[in-house]
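In what follows, a structure is listed as structure tokens, so that the remarks can point back to it.
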């Protein structure tokens, strides 16, 4: 298990380098530049600006300089959010976004998996129908519909929670965004868990454990659950990507000052350092959660661990 | 033992039998399906006495498994059992919940067919043993561990202390089945039910497991039910035999009587299936074809090596799947390749067809060396060289209909044919393998295993190939279907003058279909001989062991054969023994055997790689 973890961690850095290189190339290949929107800038001034930010150098020189700075933890200055370095912008937004994302994943796991188990164990035509209906709704409704709906009910009719906005250090403002982000994921996880557990319960080794007089509760808990959770753990990787893209929308809907807006705005503005910074942060997050998913798979299945 | 109860008249009710561990009376099992109820077991009455082994034999679908699953409350959700099955004083039918769990695993242990899938994959062998011991025997952790080790010893698991820490996937099939038996015995049940416990195992391992069951029977009065489709498998173990067909018990009696003088014609049929079949009439027995033009297929010194990736930072280990295998096949000849799993049989098949690339050696088909051919030439040649696979349904594309599957080779190799002509060819191919034309529109999941294998054969035969490689074509099928497929292959061969490379671990099938047999062990050839000579007088100690492991449907002979079964499994190909790879299992191994692998000696159509065969002959 430790070996598996070390092997995966060792693979993180090269993967990250590939991400940095590719995104560096793609954003530079995109037409336009950071100072296109500046009104009435003479070509001479623009050339000066580009020289100031090192944009006049050949691309490979810029790339190597960027890597060297990155190695020292320097993401560079934002080209459009003047007077802020990318690092400062990330430091402002990331705590909010990370809390939102991780809480949503945790909530989805804690809600979705037990719901899926329950749906698999207590089957009836009515229950199966409700599961299918809720699942269809949960996955079909986009978060920009669920979000305002939740805000309408809990914020305006019931007045339990704030509709939108942010005050540092208050969890109340995060509740609805987390719920909005977690809901579709929880539904997907519940569906996955239910289908997978139903399949495992038909496996020969479950029958064989039953023939040994292992009680039903222990049978599910000890023999069936771990293999059943294997597909669920594998799904954590894609789920991270889902949460990250979802958080862009949710942050906008609830007016949270997270990092999502920097990614969108940075891309529109061709604010190269900002986009790169965001890609790296999200890249690291995705890699770490994928690593977690891999380790979870290794824990669930000894054959993977020994692979 | 149990069968020795002559004082009880034949008409006596079995449930009155005081010594009976299990008495079943008028037990029936039915399954509710959308098309109405299906009766799987009808009115079966039988009993098993303490210390006795009852062999239950029947083909798949005869209800033999459902009968015993019903007693353990393991029927599928739509199954219903009626009648009575008493274990001592406890009525099993209708028992549920905790009361049922005080019987199964405690008083009745059950062993299932496939040890691969019947052990929980994420729990160690030790954990699965300890679970039963702690739950049913109330043992503490340390006591359970010590007891678990003793149980593994009792079923002759090698290195039991280490096995306790291992997961099922780290064990060989034979070791896994032993572990499963140990788990079933953990709570010291009065009755052990083994449902086809050897079906998925190699013949040598099958003999070892049967010998183990024969040894366990009667210890502490343990009663045994051995369910199998193969009469021979129970000859050395069972005291009494019950024959089932279509859910009904058609004959029951002491094993000697039933095997020697079966009363029911169906029992005679089963016995015939199990005993060695007479060789099929082979067209070109004397090598007229050989005289005409030498070898059609010539394999020289073929080797296939892999590098198995080590753990992190450890170097890769070389694995020799096949080493120095040479063989020649005349046109129209049929060569059988036999050996246990891991012997390199399938690797050889794939390397011959260049479905995988050999590391060394040459394969020459009709004077052309396959390895040197470019891909268009190779593709053109492929119409001559076809293969059928072990998994009849797994080797068919699930999204294509039967007609599309058989038609596909024509689209590649017969591009001049139009759609109507192709349909005609497909229709002929279907008829030739004995499939109804109506099956053409079906998908693989709608076929039985036998039908699926016929489709595979039709697909291989549609281009009229000259060499057909059969990689375990019948081992996934039940006995009657096996016979049908084997005789179909025999017919096709005679009708078309096919050259056949037939790979199987089932020696009886090889004997029926092949003129010569090559025996492989751990990737090396150890003996080559005409089939009749090999079966009559094997020379290599390994060939002898293989042949001795085949069960014989004779209750007077089989116990002695089982008693003589040698322990041991093939070593890991990652760490093969030095010298002769077989020496670690060989009863005749001498000092020289450890030095280097013996030279291949060939004379009079027989070949052998053994230092000592002359002395042993």
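With respect to residue A:246, is the statement that it is in contact (Cβ under 8 Å) with a residue 40 or more places away in the chain, surrounded by 21 or more Cβ atoms within 10 Å (Cβ to Cβ) and more than 14 Å from chain B (Cβ to nearest Cβ) true? Here the answer is yes, as residue A:246 does meet what is asked.
Helices (runs of 4 or more DSSP H) fully within the stretch B:167-240 that include at least 1 residues being closer than 24 Å to residue B:472 by Cβ and in contact with a strand residue (DSSP E or B) (Cβ under 8 Å, 6 or more places away or on another chain): B:173-185, B:231-235. Hey, does the stretch B:74-83 have a residue that's assigned to a loop (DSSP other than H, G, I, E, B), more than 11 Å from every other protein chain (Cβ to nearest Cβ) and on the phi > 0 side of the Ramachandran plot? The answer is no, given that none of the residues of the stretch B:74-83 is assigned to a loop (DSSP other than H, G, I, E, B), more than 11 Å from every other protein chain (Cβ to nearest Cβ) and on the phi > 0 side of the Ramachandran plot.
Okay, residues lined up against (1) closer than 19 Å to residue B:273 by Cα; (2) touching a strand residue (DSSP E or B) at 6+ places or on another chain (Cβ under 9 Å); (3) without any contact (Cβ under 8 Å) to a residue 40 or more places away in the chain:
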residue	(1), (2), (3)
B:434	no, no, no
B:444	no, no, no
B:448	no, no, yes
B:457	no, yes, no
B:461	no, yes, no
B:475	yes, no, no
B:481	yes, no, yes
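Of all residues in the stretch B:86-102, exactly one satisfies the criterion of being facing chain A (nearest Cβ under 8 Å) and surrounded by 21 or more Cβ atoms within 10 Å (Cβ to Cβ), namely B:101. The strands (runs of 3 or more DSSP E) found entirely in the stretch B:446-523 that carry 1 or more residues being crowded, with 20+ Cβ neighbours inside 10 Å, under 16 Å from the mean Cα position of the chain (by Cα) and at pLDDT 90 or above are B:467-471, B:499-503.
Residue-wise test of (1) over 29 Å from residue B:515 (Cβ atoms); (2) modelled with pLDDT under 90.
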position	(1), (2)
B:537	no, no
B:540	no, no
B:545	no, no
B:579	yes, no
B:582	no, no
B:586	no, no
B:603	no, yes
B:608	no, no
B:612	no, no
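Looking only at residues of the stretch B:150-166 that are surrounded by fewer than 16 Cβ atoms within 10 Å (Cβ to Cβ) and part of a helix (DSSP H, G or I), we find that the one that is farthest from the other protein chains (Cβ to nearest Cβ) is B:153. Within the stretch B:122-134, being within 24 Å of residue B:99 (Cβ to Cβ) and at the interface with chain A (Cβ under 7 Å from one of its Cβ atoms) holds for B:131, B:132.
Conditions tested, residue by residue: (1) farther than 27 Å from residue A:250 by Cα; (2) under 29 Å from the mean Cα position of the chain (by Cα).
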residue	(1), (2)
A:50	yes, no
A:55	yes, no
A:63	yes, yes
A:66	yes, yes
A:86	no, yes
A:111	no, yes
A:131	no, yes
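Of all positions in the stretch B:106-114, at least one carries a residue that is within 8 Å of another protein chain (Cβ to nearest Cβ), touching a helix residue (DSSP H, G or I) at 6+ places or on another chain (Cβ under 6 Å) and assigned to a loop (DSSP other than H, G, I, E, B). Residue count for the stretch A:66-98, restricted to those that are touching a strand residue (DSSP E or B) at 6+ places or on another chain (Cβ under 8 Å) and within 13 Å of residue A:281 (Cβ to Cβ): 2.
For residue B:310, the stated conditions do not hold, so it cannot be described as within 30 Å of residue B:482 (Cα to Cα), at pLDDT below 90 and either more than 14 Å from chain A (Cβ to nearest Cβ) or not in a strand (DSSP E or B) (or both). The lone criterion from (1) touching a helix residue (DSSP H, G or I) at 6+ places or on another chain (Cβ under 8 Å); (2) closer than 26 Å to residue A:304 by Cα; (3) in a strand (DSSP E or B) left unmet by residue B:305 is number (1). Kindly evaluate residue B:119 against the criterion of being assigned to a loop (DSSP other than H, G, I, E, B), within 10 Å of chain A (Cβ to nearest Cβ) and over 28 Å from residue B:237 (Cα atoms). For residue B:119, the condition - assigned to a loop (DSSP other than H, G, I, E, B), within 10 Å of chain A (Cβ to nearest Cβ) and over 28 Å from residue B:237 (Cα atoms) - is not met. Taken together, the residues in the stretch B:124-147 that are farther than 20 Å from residue B:107 by Cβ and in a helix (DSSP H, G or I) amount to 8. In the stretch A:249-269, the count of residues that are part of a helix (DSSP H, G or I), more than 14 Å from chain B (Cβ to nearest Cβ), out of contact with any helix residue (DSSP H, G or I) (no Cβ under 9 Å at 6 or more places or on another chain) and at pLDDT below 90 is one or more. For the stretch B:241-277, the candidate set comprises residues that are out of contact with any strand residue (DSSP E or B) (no Cβ under 6 Å at 6 or more places or on another chain), touching a residue at least 24 places away in the same chain (Cβ under 8 Å) and part of a strand (DSSP E or B); within that set, the residue that is surrounded by the most Cβ atoms within 10 Å (Cβ to Cβ) is B:244. Filtering the stretch A:1-55 to residues that are within 14 Å of chain B (Cβ to nearest Cβ), surrounded by 15 or more Cβ atoms within 10 Å (Cβ to Cβ) and within 26 Å of residue A:67 (Cβ to Cβ) leaves only A:8.
Where residues in the stretch B:51-73 are more than 14 Å from chain A (Cβ to nearest Cβ) and over 24 Å from residue B:266 (Cα atoms), which of them is nearest to the chain's Cα centre (by Cα)? Explain how you work it out, then say what you get.
Step one: of the stretch B:51-73, the residues more than 14 Å from chain A (Cβ to nearest Cβ) are B:51-64, B:67.
Adding the requirement that they be over 24 Å from residue B:266 (Cα atoms) leaves B:51-52.
Numbers: B:51: 28, B:52: 26 Å.
So, considering only residues that are more than 14 Å from chain A (Cβ to nearest Cβ) and over 24 Å from residue B:266 (Cα atoms), the one nearest to the chain's Cα centre (by Cα) is B:52.
Quick check: is even one residue across the stretch A:199-216 away from chain B (no Cβ under 12 Å) and in a helix (DSSP H, G or I)?
Of the stretch A:199-216, the ones away from chain B (no Cβ under 12 Å) are A:199.
Subsequent filtering for residues that are in a helix (DSSP H, G or I) retains A:199.
Yes, that holds for at least one residue.
The values are calculated or read from the model by the stated rules, or taken from the named source; none is laboratory data. Just so it is clear, the model here is predicted, and its values are computed rather than measured. Please note: Cβ atoms are built from the backbone with ideal geometry, for glycine as well, and neighbour counts cover all protein chains shown.
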